[in-house]
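Worksheet: the structure to be examined is printed underneath.
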Amino acid sequence: MKPQRCVAQGLFEWPSDEPTVSGSRCDSCSFVTFPAQDACPRCGAVATTPIQLARTGTLWTWTRQRFQPKNPPYIGTEPASEFQPYGVGFIELPEGRIEARIAGDIDQELRIGMPMELTVVPFATDADGTEVLTYAFRPIES
Amino acid sequence: MDDVAIIGVGLHPFGRFPGTSAIEMGAKAARSALADAGITWKDVQFAFAGSYEVDNPDAVVNYLGLTGLPFTDVYNGCATAASALSQAANTIRLGEYDIGMAMGMDKHLPGAFAADPVQYGVPSWYGETGLFLTPKFFAMKIQRYMYDFDITPPTLARVAAKNYRNGARNPNAFRRQELSEEAILQSPMVNDPLTQYMFCSPNEGAAAVVLCRAEIAHRFTAAPIYLKASVVRTRRLGAFEVHSPWVPPERADSPTVDASRAAYEIAGLGPEDVDVVQLQDTDAGAEVIHMAENGFCKDGEQEALLSAGGTEIGGSLPINTDGGLISNGEPIGASGLRQIHELVLQLRRASGDRQVPGTPRVGYSQLYGAPGTAGVAIVST
């Protein structure tokens, strides 16, 4: 098995059979942010507590990223001819709407309102062969 | 009471110009605005210039004249030109100067913008994982809007076809070839539901506007255009915005709605008073949404309004008469002043083949872009 790494420390809890994404809750007004940050964008307080966000929700909107993003900031290094398009969406969780890649076949049917769950996917490979992982949501099989 | 007048407008065509720098394009636009106002650079008492690619657009003085004037550079995302215009107008309102210039210039590489997300207040992983992209935000915004308000893909194609048609009548436009709705719908899908020909492209160009204290405008022209309002707003908590991986459960209107309401109030006018409109059409969906966000129709009414040709040059609400961003492209620093240039020509009834019929009195322009910044200007005869 190839070595793997998370794209950013503290972005999501992994390895886990049920991975979760990390956010923060304001100690003053309880406002939830993602990603976690130390200042509250609602009340301006500078004390927040880390939380794990819900791992299921519904698809609020979506698109498909069909052209290869420029590197940098994208870290995919595949030739343009080998670029694999991916889905992107906002998933409505109890705490708010989170933007994510959508895991699964690019041509899978996506519908606003469909149930989604969190997963972790490889999306790029470092020069030394290490697979880079990020969080994503996938449709829940009915 | 009117306090600020526009007495000159100038433009360097929008497109791609190998070998010509952004600063040179800015100088050309400035000279064209000076000639239009019938003044020289020495008469300009202060200036504001906007650019994304050029750190110091004030270096345009190397070509226009080193007169020592106070000259301030501004950058404010896609609302850069609106910020230059607002600052110039406010400088006149402060009473310190009578005549000033707002200009914008840019020279972008082809393709979607790429930047460091950290500079936009979001972490590096957002860019590393391929999420720091403006086109997919606009795609997701119109995708949800179409679901909520029953807008169909042919309506998006109508918007783009109309803007190419208008651009074909504009000698300064970048894309001047008419495209059928069918060709637009069948062009490659870029970010569902938006196809290649529904998007504008970052490109090159410059625009400039000469402003003066309204009381002295008649020294320069028999038909000044008055700047009734020029407003910039940023996103509030709860708005669905570009370059933001999180939207809280609470909902807020977009900064365009806030800027629009403020501009109408300052101008003492409403959408029913507006005769010609320039909206930010980063993509065809953005124009559809911005029609409602700026008060020109209710959410969902776009479908019927567009199929009846309501936003064509001869329609009840002409929008993007010069082809908009879809036909002109977007040199960020200049884009909003290109809108003002077109509105001024329309209100002077000097727009040639693309002139709206009758006697238009009030023009309206709107900008929107990263990272959730909007600008609205209202001008009138």
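Taken together, the values in this text are just the output of simple stated rules run on the coordinates, not laboratory data. Being a predicted model, the structure only gives us computed values, none of them experimental. Note: ideal-geometry Cβ built from the backbone for every residue, glycine included; neighbour counts use all protein chains shown.
Worth pointing out:
- Local net charge near B:Leu237, Cβ-Cβ under 12 Å (Lys/Arg +1, Asp/Glu -1): +1
- Stretching B:Thr72 away from B:Glu265 to a fully extended chain increases their span by 66.7 nm, per 0.36 nm per residue minus the current alpha-carbon distance.
- Cβ-defined net charge surrounding B:Pro18, 14 Å radius [Lys, Arg +1; Asp, Glu -1]: 0
- Listing B:Cys78, B:Cys297 from fewest to most neighbouring C-beta atoms within 10 Å gives B:Cys297, B:Cys78.
- For region B:118-234, the Cβ-based charge dipole about the Cα centre amounts to some 520 debye (Lys, Arg positive; Asp, Glu negative; other atoms uncharged).
- Applying a 4.7 Å Cβ-Cβ cutoff to the protein assembly as shown, the cysteines left without a disulfide-compatible partner are A:Cys6, B:Cys78, B:Cys200, B:Cys212, B:Cys297.
- Rg ratio (alpha-carbon, reference 2.2 N^0.38 Å) - the protein assembly as shown: 0.99
- Highest to lowest packing among B:189-195, B:69-75, scored as the average C-beta count within 10 Å: B:189-195, B:69-75
- Residue-by-residue Karplus 3J(HN,Hα) for region B:163-175, coefficients 6.51, -1.76, 1.60, Hz, glycine and proline x: 5, 5, 4, 5, x, 4, 8, 10, x, 8, 6, 8, 9
- Selected from B:Asp283, B:Asp116, B:Asp299 as most flexible by GNM, with chain B as the system and alpha-carbon contacts under 10 Å: B:Asp116
- Here the residues B:His108, B:His290, ranked from fewest to most Cβ neighbours within 10 Å of their Cβ, fall in the order B:His108, B:His290.
- Centroid-to-centroid separation of region B:262-329 and region B:137-202 [C-alpha atoms, Å]: 15 Å
- Taking a point 7 Å from the Cα of B:Arg176 along the Cα-to-Cβ direction, the residues of region B:1-36 with backbone N closer than 17 Å to it are B:11-18.
- Calculated mean residue ellipticity at 222 nm for chain B: -10000 deg cm²/dmol, from DSSP H runs with n ≥ 4 weighted as -39500 (n - 2.57), summed, divided by the residue count and rounded to 500.
- Percent RCO, i.e. relative contact order, over chain A, from Cα pairs under 8 Å lying at least 6 residues apart: 24 percent
- Assuming charge only on the beta carbon of Lys and Arg (+1) and of Asp and Glu (-1), the dipole of the protein assembly as shown about its Cα centre is about 1080 debye to the nearest 20.
- By the count of neighbouring beta-carbon atoms within 10 Å, fewest first, A:Tyr74, B:Tyr63 end up ordered B:Tyr63, A:Tyr74.
- Look at where the Cα atoms of region B:119-134 and of region B:35-91 average out, and the two centres are 31 Å apart.
- Of B:Lys28/B:Lys228; B:Lys28/B:Lys136; A:Lys2/A:Lys70; A:Lys70/B:Lys136; B:Lys141/B:Lys162, those spanning more than 24 Å from alpha-carbon to alpha-carbon: B:Lys28/B:Lys228; B:Lys28/B:Lys136; A:Lys2/A:Lys70
- Whole-angstrom gap from region A:27-83 to region B:340-381, using each part's C-alpha centre: 37 Å
- Per residue of B:239-248, other chain Cβ atoms within 10 Å of the residue Cβ number 5 on average.
- Cβ-defined net charge surrounding B:Ala267, 13 Å radius [Lys, Arg +1; Asp, Glu -1]: -2
- Shielding by partners - mean other protein chain Cβ count within 10 Å, residues of A:130-136: 2
- Shape analysis of region B:82-126 places it in the oblate category; the axes a ≥ b ≥ c from the Cα gyration tensor give an a/c of at least 1.5, with a/b not above b/c.
- Rg of the Cα atoms in chain A, relative to 2.2 N^0.38 Å, amounts to 1.12.
- Partner shielding of B:115-124 amounts to 2, given as the average count of beta-carbon atoms from other chains within 10 Å of each residue beta-carbon.
- Dipole magnitude (debye, nearest 20) for chain B, charges at Cβ of Lys, Arg, Asp, Glu: 640 debye
- The antiparallel fraction among DSSP beta bridges confined to chain A stands at about 90%.
- Cα-projected label distance for A:Thr125 with B:Glu215, points at 7 Å along beta-carbon direction, nm: 7.4 nm
- Relative contact order of chain B: 26 percent, from C-alpha pairs under 8 Å at least 6 residues apart in sequence.
- Rounded if a/c under 1.5, otherwise prolate or oblate - region B:72-196, Cα gyration tensor axes: oblate
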